[in-house]
Each structure stands twice: as C-alpha cells, then as structure tokens.
Amino acid sequence: MVCKEEVVPLVTLWSKAFALRKGEVNVAALVENQNPRFSIPKLAYNFKLYDKDNILITERSGVTFANANERLLIFESQIAVGERIPVRAFIEFRPPLWERLKKAQGQLPVSVRQQQLVQGDAPQLTARMQNNGVRPLYDLTVLALIVDKDEDAVAVSSTFVNTLPAGSDSELTFTWPAAFNREAVAASLYPRIDRTKEQ
C-alpha cells in the first residue's frame, strides 16, 4: 500500500496538438514521474482538444504506464477534428495506483546514434538504437519528438521494436505525411518498456 503523501505527483511539462493532415491531428504530452521507487502499472489518461474560442472539439482516452524516475511522452495519433482547428490540448489523469519498488530503478540500457532528420513534403527521421545491456529487450515502443530552434515541439511520431537482443542494434524510422509547419533542428527519442513490475 502506497500513501499519497509518499509520492510526488506526476508533472505535465506540456501537452499539445500537432497538425497531421486535413481534419486530423496527433496529440502528445511530456510528463515526468519524479519518484525513483514508485511506478504506475496502469495510468489512465484523457486528452481534451479545444478551439480558439475555448470550445471542446473532441477527447481521446487511453492507458499507459509510468516507470519510476521516467520522463515519458504520451502520444495519440490520427484524431479526427473535422473542420475545426485545435489550439489547446490538455491531459488529465485518473487518480493512479502507485506501486512500490524494492530499489531505485536505473536507466534503460539503450543508446541512440546516427540520427538523421530529412525535412520537406514528407519528413523522415532515421536512427539506430543499441541494446547495451546483457539481456534482450522486448516490446519496445520508441517515440520521437521533433523540436525547433527554441526547443518548442514541432512534431511527434512513434515506432515499435518487437525484440532487441543484447548487444545488437535496430534501425528506427519515423515518418510524417506532410511538411512541418516550421523548421525543425533536433530530435529526441523516448524508448519505453513497461518496467513497473521490476524488483
């Protein structure tokens, strides 16, 4: 049993909608779990998108996890908005059930190299991700965050790696169907594996 006084609440750094194609957007939020020994196996969330008049356009709910001491990117793709344009996005969480770990959790043993971002009418990001650990990694979701010169988010995408054997690497590819609405200068990758039951 974990008392709420023991944990630092989740911190939402930002949430935002990204134009994808006519009538569709992606939405994402960057969130921190600052607790080194507490995780959330099932984190229920709800995105709400509003127009310039602060009128609700639509909502999208989902469930993810929050590892201990993790900065996580929560992502929902291809949300239909019709003719309306979202200008604000908010994420809400249901009260989470925290799990206590026996020891603090280290970082995921992966590294990224050879990142290459190509912009234009069909932007693409490629990179190689290596497993530096001694065990294979399974069910690895990797999210890509593209930012401009002011470090503001420009676009988000995701890909999935079924298995990444120890000592091996895998090529990652992220694509977008239309040009970014402003120049991008950098990309950050957020690899995610559910580690909430590790002891």
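The values are calculated or read from the model by the stated rules, or taken from the named source; none is laboratory data. Because the structure is predicted, anything quoted here is derived from the model rather than measured. Note that we place each Cβ from the backbone using ideal geometry, even for glycine, and neighbour counts take in every protein chain shown.
Could you tell me which of the residues Glu59, Glu83 is farther than 27 Å from Ile193 by Cβ and free of Cβ contacts under 8 Å to residues at least 24 places away in the same chain? Within the list Glu59, Glu83, the selection yields Glu59. Taking each residue of the stretch 1-26 that is closer than 13 Å to Ile79 by Cβ and looking for partners that are of a type in the set (Lys, Arg) with beta-carbon atoms closer than 8 Å, six or more apart or interchain, yields Ala17/Arg88.
Tell me, which residue of the stretch 140-158 that is β-branched (Val, Ile, Thr) and within 11 Å of the chain's Cα centre (by Cα) is nearest to Ser77 (Cα to Cα)? Of everything passing the filter in the stretch 140-158, Val156 is nearest to Ser77 (Cα to Cα). Exactly one residue among Leu97, Leu117 is surrounded by 15 or more Cβ atoms within 10 Å (Cβ to Cβ) and in contact (Cβ under 8 Å) with a residue 12 or more places away in the chain, and that residue is Leu117.
If you check Ala89, Ala144 for being in a strand (DSSP E or B), in the same structural domain as Asn46 (by TED's automatic domain parsing) and at pLDDT 95 or above, only one passes: Ala89. Got at least one residue in the stretch 112-130 being part of a loop (DSSP other than H, G, I, E, B), closer than 28 Å to Asn33 by Cβ and not hydroxyl-bearing (Ser, Thr, Tyr)? No, because not a single residue in the stretch 112-130 is part of a loop (DSSP other than H, G, I, E, B), closer than 28 Å to Asn33 by Cβ and not hydroxyl-bearing (Ser, Thr, Tyr).
You will find that of Lys149, Lys197, the residue that is out of contact with any Ser or Thr (no Cβ under 6 Å at 6 or more places or on another chain) and modelled with pLDDT under 90 is Lys197 and no other. What residue, among those in the stretch 161-183 that are surrounded by fewer than 18 Cβ atoms within 10 Å (Cβ to Cβ) and small (Gly, Ala, Ser), is nearest to Ala127 (Cα to Cα)? So, considering only residues that are surrounded by fewer than 18 Cβ atoms within 10 Å (Cβ to Cβ) and small (Gly, Ala, Ser), the one nearest to Ala127 (Cα to Cα) is Ser168. A single member of Leu72, Leu43 is assigned to a strand (DSSP E or B), touching a residue at least 24 places away in the same chain (Cβ under 8 Å), of a type in the set (A, V, I, L, M) and closer than 27 Å to Ala179 by Cα, and it is Leu72.
Quick one: is Gln130 surrounded by 14 or more Cβ atoms within 10 Å (Cβ to Cβ), over 30 Å from Lys22 (Cβ atoms), at pLDDT below 90 and of a type outside the set (A, V, I, L, M, F, W, C)? Judged against the criteria, Gln130 is not a match.
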